[in-house]
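Undergrad: Here's a structure for you.
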Ligand code: HEC
């Protein structure tokens, strides 16, 4: 039998306020984190609410849709060039947009078929300018690696601190079998690793997007259970003891 030096219900008042203040602020922080995810990632597919598509667009991007140039040449720009010119441009864009082909053919086609509008209307990009062309050639490949590395390490360092203290406070809870406690304490760490690993796997393959949602949901749930249990045990049972609904049995 292991020895528990103190329990949440009988810990001294100053420690109770310290623990409670921390848990309340961190709980509020988790709520805002959830709101922030809904507003940034949640809107990635243009619809409110977090979905698997949002995760795919954020990390994998819209690679399957291709570039804006190709999309427009298949869409509203379709009638602005003869079919063989269109096909040549699409092929050029999809095979890496080489500068040689641009010099040999594509720039001439653009001058002839696109520039009458694009070099003269100020609200649409002048595609004869290679810098403007480059913008419409870009394919959305999701968050750049540099951003993901930065966010990954901040996420792992920062959130593990939050789980460390939530878990530590929770070790002083009573009435929960040590094994269950140990599982509940380790779950957020495990899901945090799954979450961040899944970002990277989603970048490689959109099929992993589910794990991002499972990971985030898993650690939020485990943290919420620990926060509520700890707050409850610190304040509610001692309150009941001081104001018993019926006299305790040993009062006789
Ligand atoms: C008759 C005028 C006209 C011609 C010719 C024309 N465009 Fe456009 N283009 C527009 C207008 C207007 C828009 C903005 C409305 C839209 O996106 O459909 C546009 C938009 C685009 C866009 C999206 C730009 C952006 O950043 O949103 C691309 C890409 C594009 N055109 C490519 C081409 C290509 C390639 C050609 C030549 C094969 C071409 N266009 C010929 C009028 C023209």
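Undergrad: Could you please give the count of residues in the stretch 45-72 that are touching a residue at least 40 places away in the same chain (Cβ under 8 Å), closer than 18 Å to residue 206 by Cα and crowded, with 20+ Cβ neighbours inside 10 Å?
TA: The number of residues fulfilling the criteria is 7.
Undergrad: A further question on this structure: Which fully enclosed helices (runs of 4 or more DSSP H) of the stretch 94-196 have 1 or more residues being more than 16 Å from the ligand (Cβ to nearest atom)?
TA: Passing ranges, in order: 145-170.
Undergrad: With respect to residue 75, determine if the residue is part of a loop (DSSP other than H, G, I, E, B), surrounded by fewer than 16 Cβ atoms within 10 Å (Cβ to Cβ) and away from the ligand (no atom under 12 Å from the Cβ).
TA: no
Undergrad: Being in a loop (DSSP other than H, G, I, E, B) and closer than 30 Å to residue 203 by Cα is the requirement here; does residue 34 meet it?
TA: no
Undergrad: Which pairs have Cβ atoms under 7 Å, sit 6 or more apart or on different chains, and link a residue in the stretch 112-132 that is in contact (Cβ under 8 Å) with a residue 24 or more places away in the chain and on the phi > 0 side of the Ramachandran plot to one that is near the ligand (Cβ under 8 Å from one of its atoms) and assigned to a helix (DSSP H, G or I)?
TA: Short answer, once both residue conditions are applied: none.
Undergrad: Determine whether residue 106 is surrounded by 13 or more Cβ atoms within 10 Å (Cβ to Cβ), touching a helix residue (DSSP H, G or I) at 6+ places or on another chain (Cβ under 7 Å) and within 14 Å of residue 93 (Cα to Cα).
TA: yes
Undergrad: While we're on this one: Go through the stretch 1-31 and report how many residues are assigned to a helix (DSSP H, G or I) and in contact (Cβ under 8 Å) with a residue 40 or more places away in the chain.
TA: 10
All of the numbers you see were taken from the coordinates with simple rules; none came from a lab. Here the structure is a predicted model, which means the values were calculated and not measured. Neighbour counts run over all protein chains shown; Cβ positions are idealised from the backbone, glycine included.
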